[in-house]
1. Can you tell which of LEU200, LEU223, LEU162 is on the phi < 0 side of the Ramachandran plot, aliphatic (A, V, I, L, M) and over 25 Å from the mean Cα position of the chain (by Cα)?
2. Being buried (at least 20 other Cβ atoms within 10 Å of the Cβ), part of a helix (DSSP H, G or I) and free of Cβ contacts under 8 Å to residues at least 24 places away in the same chain: is that true of PHE78 here?
3. Looking at LEU185, LEU249, LEU257, can you tell me which residue is farther than 21 Å from GLY157 by Cα and touching a Phe, Trp or Tyr at 6+ places or on another chain (Cβ under 6 Å)?
4. Scanning for something surrounded by 20 or more Cβ atoms within 10 Å (Cβ to Cβ), modelled with pLDDT of 90 or more and either in contact with a Leu (Cβ under 6 Å, 6 or more places away or on another chain) or within 23 Å of GLY107 (Cβ to Cβ) (or both), does the range 8-16 turn up at least one residue?
5. When you check ARG298 against the structure, is it of a type in the set (Lys, Arg), surrounded by fewer than 21 Cβ atoms within 10 Å (Cβ to Cβ) and closer than 22 Å to SER239 by Cβ, yes or no?
6. Picking from PRO156, PRO122, which residue would you name as being crowded, with 18+ Cβ neighbours inside 10 Å, within 37 Å of the chain's Cα centre (by Cα) and touching a residue at least 24 places away in the same chain (Cβ under 8 Å)?
7. Look at the range 17-44 and say how many of its residues are exposed (fewer than 13 other Cβ atoms within 10 Å of the Cβ) and within 28 Å of SER87 (Cα to Cα).
Amino acid sequence: MNPPERASTNDAVVRNAARFQEREKELRAEQAWSALVELYEARTAVLESPQGRERLLFKAGEIATDQLDDSGRARDLFMSAFEVRRSFLPAIGALRALHTKRKDTRGLLEVLQLELEVAKDPRRKAQLHVEHAELVLEKDPAAALDAYVAALTVFPGSRRPLEAIERLAKQTKRVQPLVASYRVLAQKSEDDQAAVYHFLAGKALEDQANDPAAALVEYRQALKRNCQKPKILQSISRSFERSKAWKDLNRTLNQLLRVAKTDEERARLLKRQALVHQNGLQRPESAIPLLLSALDLRPQDPPGVKSLKGLAEQQNDPSALAQALVLEANLANQEDANAAELLERAAEQFDLAGEGRQARNAVRRSLELRPRHPRALKLYERITRRLGAWKEHCDVLQEELALLDSERSEGERSAAVAILNRLATVQESKLNDAKGASGALARVVELEPSAEAFERAEALARTSKNLPELERVLLCRVEVGSPSLKEEALRGLI
């Protein structure tokens with residue numbers, strides 16, 4: 001062996017900086033590379049400076065690589081340089097280059113693991129995980145999947161790994177890593193985008209893992225994050241419906257209503273929501289307002305009207321039934337006679353519900369389609385009396401009176417007398433129309449000339465100073481009254 005090389009590790013040489021540098025130059029000049037490596041190793045053993053030890057070990061590794069072509073020795077030297085403080089990254093770079101040149105995948109993975117342990121930048125860590133995944137992708141797709149998930153977890157700001165995660169999750173039939181990735185992205189995203197990721201997690205659990213219960217948890221999170229995408233909400237609603245999660249379905253339909261664009265779409269959603277309340281939540285009473293809202297938006301909906309009508313009858317809700325009857329009357333191609341009948345029934349139900357104004361409107365429309373119909377007029381009379389609409393009430397009584405012929409039958413004569421008496425009472429006590437009341441009573445005595453009727457008619461005519469009607473009453477008394485009444489009437493006329 002060359003004597004200078006044997007002396008390369010002499011203790012006096014390695015401890016004295018000047019003698020060490022002189023010996024280093026000699027060995028380089030002689031190209032005694034192995035001895036130079038030994039010199040560096042010996043020198044590092046006596047140096048106190050970590051930086052100095054790192055530098056010398058790194059230089060030794062470079063010589064082992066470039067001059068000795070001893071990859072094993074070079075690897076050990078570079079590793080030793082790194083282990084001094086576990087922060088000397090040039091050693092990591094050299095190890096990478098060494099293993100890459102040798103196509104040593106295992107060695108590269110070890111280097112990546114070392115760098116991951118010391119890296120602080122999340123972006124850099126994510127890049128290292130991706131490199132790890134790419135190295136093992138062909139031989140171990142499951143390990144590659146885990147590495148991609150780790151990359152996404154450490155730096156969610158990059159969506160680059162997501163496509164690979166989705167592909168590998170399907171290939172390896174491992175759903176949980178994919179779901180975990182979606183959850184990480186959801187946590188780092190704004191509400192609307194976070195809702196999308198929760199939805200994707202739910203779909204993966206439902207379709208690939210066959211775990212609908214876990215999927216529903218993700219769908220609820222999507223709603224909580226205020227999902228605004230109609231297609232996603234529709235898909236979520238179908239899943240809730242399949243699982244009979246009625247409260248969640250109701251919330252989803254509420255969200256769909258907020259993003260609906262047209263009245264037709266809103267009406268359809270409200271009808272669906274009504275069914276959920278009726279059949280799912282077992283709250284049929286709360287389905288009625290939803291159906292009414294749907295029909296407000298789309299009144300020409302025969303099935304919707306039929307549903308409302310049936311539900312109102314089932315719940316014994318006269319107000320809702322009345323509204324259903326009005327809607328049915330307003331359907332296109334409805335014949336006038338049928339519409340009038342429906343409106344009359346609606347007025348009865350409104351009246352029963354204590355909704356007098358709606359009842360009055362319905363019966364008015366019924367009479368427009370079927371004028372002077374006796375039953376409708378009778379109903380109109382009752383409604384106006386309850387409303388205290390006395391002028392209108394008197395008009396209705398006049399219309400009822402016009403339908404009667406006192407000469408046709410005793411029944412019609414009695415009915416006319418009753419109407420006239422009511423008319424007189426209302427005009428006198430409610431409208432303060434003594435003259436009108438006097439006129440009505442004058443007609444009463446013509447139809448039913450009783451002493452009581454004469455007295456009432458005469459007294460009212462005198463009080464109201466309605467001389468024409470007073471004369472009419474007295475003449476009638478002369479014509480049909482008893483002898484004593486005739487005499488009194490003649491004196492009154494004189």
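The values are calculated or read from the model by the stated rules, or taken from the named source; none is laboratory data. These figures come from a predicted structure and were not determined experimentally. Virtual Cβ from ideal backbone geometry, glycine too; neighbours counted across all protein chains shown.
1. The conditions single out LEU162.
2. So PHE78 passes the test.
3. On inspection, the qualifying residue turns out to be LEU249.
4. Within the range 8-16, not a single residue is surrounded by 20 or more Cβ atoms within 10 Å (Cβ to Cβ), modelled with pLDDT of 90 or more and either in contact with a Leu (Cβ under 6 Å, 6 or more places away or on another chain) or within 23 Å of GLY107 (Cβ to Cβ) (or both).
5. So ARG298 fails the test.
6. PRO156
7. Qualifying residue count, the range 17-44: 2.
Here is a yes/no grid of residues against (1) among the polar types (S, T, N, Q); (2) on the phi > 0 side of the Ramachandran plot; (3) in contact with a His (Cβ under 6 Å, 6 or more places away or on another chain):
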site	(1), (2), (3)
SER239	yes, no, no
ARG242	no, no, no
LYS247	no, no, no
LEU253	no, no, no
ARG268	no, no, no
GLN282	yes, yes, no
PRO302	no, no, no
LYS306	no, no, no
GLU344	no, no, no
